[in-house]
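Here is the structure we will look at.
The values are calculated or read from the model by the stated rules, or taken from the named source; none is laboratory data. As the structure is a computational prediction, the values presented were derived from the model and not from experiment. Note that each Cβ is placed from the backbone with ideal geometry, even for glycine, and that neighbours are counted across all protein chains shown. Side chains are part of the model used for accessible areas, which takes the heavy atoms of the whole protein and leaves out ligands, DNA and RNA. Shrake-Rupley method; radii C 1.70, N 1.55, O 1.52, S 1.80 Å.
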Amino acid sequence: MAKLHIKKNDTVYVLSGEDKGKTGKVLKVLVEKQRALVEGVNMVSKSMKPSAKNPQGGIVKQEAPIHISNLSLIDPKSGKPTRVSIKHDGKNVIRIAKKSGEEIK
């Protein structure tokens, strides 16, 4: 399986789908399914039974995973979507934005 260009806490731009054009922070990456949970993107309604955490129960809005191919990393310099190149520095992997050439932390 190929390495993914997106990590947790990255800021990403949605390229396609219902939420096209939105940006958000990556909350979780599901490597096996090649999907990511992005804050405020791909919101779904879920019915919840009453529990100790949620005594009222009812309908709760939450993020659903979105495929990695529909996400693009935001360039730290320009704030626009960019592709990512990977540079190996010994055992370290450095991600570089294609647009500005700046390192992505």
Run down the aspartates and glutamates and flag those whose C-alpha is under 17 Å from the C-alpha of LYS28, throwing out any fewer than 8 positions away in its chain. ASP10, GLU39, GLU63
Which of the following values of semi-axes √(5λ) of the Cα gyration tensor in Å was calculated from the structure shown: [x] 22, 14, 13; [y] 31, 15, 11; [z] 19, 15, 11? [y]
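Pop the C-beta distance of GLU18 and VAL93 into the FRET formula with R0 = 35 Å and round what comes out to the nearest 0.05.
Once rounded, the FRET efficiency stands at 0.60.
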Between LYS99 and residues 5 or more places away or on another chain, which pairs have amide H atoms under 5 Å apart, with H built 1.01 Å from N, and which residues are they? ARG83
Can you give the accessible area per residue of the stretch 29-105, in Å², using a 1.4 Å probe? 71 Å²
Overall form of the stretch 64-105 per C-alpha gyration tensor (a/c, 1.5; a/b vs b/c): oblate
Quick shape check on the stretch 38-92: root eigenvalues a ≥ b ≥ c of the Cα gyration tensor, a/c under 1.5 is rounded, otherwise prolate if a/b tops b/c, else oblate, and it reads prolate
Sorting ASN42, SER16, LEU27 by the position of each Cα along the dipole of the stretch 1-54 (Lys, Arg +1; Asp, Glu -1; all at Cβ), the one nearest the positive end of that ordering is LEU27
How would ILE94, ILE86 line up by accessible area, probe 1.4 Å, largest first? ILE86, ILE94
